[in-house]
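Beneath this line is the structure, given in structure tokens, with notes to follow.
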Amino acid sequence: MSNTIRIKKRAAGGASGAPSSLAPSELAYSEVDNILSYGFGDAGGGNASSVISIAGSGAFATLTGNQTISGNKTFTGTVDLSGATLSGNTTFSNNLIVSGDLTVSGTTTTVNSTTVDVADKNITLGNVSTPTDSTADGGGISLKGATDKLFRWLNASDSWTSSEHLDLASGKAYYINGTSVLNSTTLGSGVTASSLTSVGTLASGTWSASTIAVNKGGTGQTSYTNGQLLIGNTTGNTLSKATLTAGSNITITNSAGGITIAAAAGAPTAGNGIDVSGSEVSVDLKANGGLVIESTEVAVDLSASSITGTLAVGDGGTGATSASAARTSIGAQTLAADLTTLSSCQSGGASALAALTSTEIAILDGATVSTSELNVIDGSTSATSTTLAAADRMVINDAGTMVQVALSDLVTFLENGTASSFELDGGTF
């Protein structure tokens, strides 16, 4: 007859959880939780010190089948998860060391560490199954800040782009294909072409490009001969090359970088009244001599105090050196023509003129008379029959001054016996 060992159990329709108590070494299995419990220790009175789980899929992992394990678990040694898949959120509170490859197939990988150390010297981005320039477009590195700092590759420009400045350390330069093209102070020697629209001050260098046109600030010329100068030419607004042409008594000698202009007859020498100092010729003017330079011309300064000699009346002067002599000279010269006319008057005129004093001549010089009137004054004996009127005039010496007096004044005088001592109305005289 076989032996049968039975243990306590809780049917599947009962309450979940371990038994509240067991006897020492007593076993109990819960079909609700699939847990085998054991009475551990001896508390006396037929009761175990505690009830612990020792088996069952509800308490321990099974070798096969799906199972949910809860609670904190501590593993020592090696845990082999080959072929295993971790589903759901998994948290590793301590360090995780992966000795093989780590493949993350999710959409987003978040690393919240302060420092990321990668021993591999190459990081591959955009490693999809079929990579193309389109799949790489916009790929790169983004650094979060007040604004995103981006270093990306753009398919449209076929280039890497940066949203921020690139500041190289001191002594560093930009290189293209192993050749330096730019550092902090110098363009690389390999830079032979440029699209620069303006530059700063050029302190040195050699221009080896096309000839600079006049409208670009150049001369438009590539060669010169001795003595050639650039002359403005309105035709095409250009500069034309030309040499100086020698004139009368001038020689021109063209040399490398020089032009010599000289007088063909030799340099001028000083003469009377002329001074020569180097290439300057000047007039040796006598102090107070009356000659002055006015507007590059020699003129006579009549205010000079040391002019000597006299200037004739015919030359615009007075012919004298004093005021009284000048008046006499000017008066005599002015009357010369009148005296010639007077000399042709009737007989007796010459003797009458000879009796004239210089003062009388000066007075006569201001008179306007005709030859006939002078003949009457000279004492013409030809009588005329004239009907006198009260308004007619006669010449009388009035206390040394010759004046014209109306005949009516003469009648008044004669009628005044007191004044004239005459009585014309039958009086006595």
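The values are calculated or read from the model by the stated rules, or taken from the named source; none is laboratory data. Because the structure is a prediction, the values reported are computed rather than measured. Glycine gets a Cβ as well: all are built from the backbone with ideal geometry, and neighbour counts include every protein chain shown. These accessible areas exclude ligands, DNA and RNA; they are computed on the full protein's heavy atoms, side chains included. Shrake-Rupley method; radii C 1.70, N 1.55, O 1.52, S 1.80 Å.
Assign unit charges at the C-beta atoms only (+1 for Lys and Arg, -1 for Asp and Glu), then state the dipole size of region 2-118 relative to its Cα centre in Debye, rounded to the nearest 20. Could the numbers behind the result be given before it?
Working: 5 positive and 7 negative charges, 91 e Å.
Rounded to the nearest 20 debye, it is 440 debye.
If packing is taken as the mean number of other Cβ atoms within 10 Å per residue, what is the order of 314-325, 24-35, highest first?
In decreasing order of mean packing, 314-325, 24-35 become 24-35, 314-325.
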(message) Please give the charge dipole size of region 1-70, origin at the Cα centre, charges +1 on K and R Cβ atoms and -1 on D and E Cβ atoms. Round to the nearest 20 debye.
(response) 140 debye
(request) Compute the accessible area per residue over region 58-153, keeping the other protein chains in place, probe 1.4 Å, unit Å². (result) 97 Å²
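Using a probe of 1.4 angstrom, how much of the accessible area of region 117-197 is carbon and sulfur, in percent? Mind dumping the intermediate values first?
Values: 3770 of 7090 Å².
The value for region 117-197 is 53 percent carbon and sulfur by accessible area.
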(request) Could you tell me which of Gly205, Ile123, Ser159 has its Cα farthest along the dipole of region 107-218 towards the positive end, charges placed at Cβ (Lys, Arg +1; Asp, Glu -1), taken about the Cα centre? (result) Gly205
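Whenever you get a sec, compute what percent of the accessible area on region 202-243 sits on carbon and sulfur atoms (1.4 Å probe). Walk me through the intermediate numbers first.
Numbers: 1740 of 3340 Å².
That share works out to 52 percent.
If the viscosity is 0.890 mPa s and the temperature 25 °C, what Stokes-Einstein diffusion coefficient in µm²/s follows for region 109-161 when Rh is the Kirkwood radius over Cα pairs? All intermediate terms of the calculation are to be shown ahead of the outcome.
On the way: Rh = 13.2 Å.
The estimated diffusion coefficient comes to 186 µm²/s.
Accessible area per residue for region 201-265 in Å², computed with a 1.4 Å probe and the full protein assembly in place, what is it? List each step's numbers first, then the result.
Numbers: 5030 Å² over 65 residues.
Each residue of region 201-265 exposes 77 Å² on average to a 1.4 Å probe.
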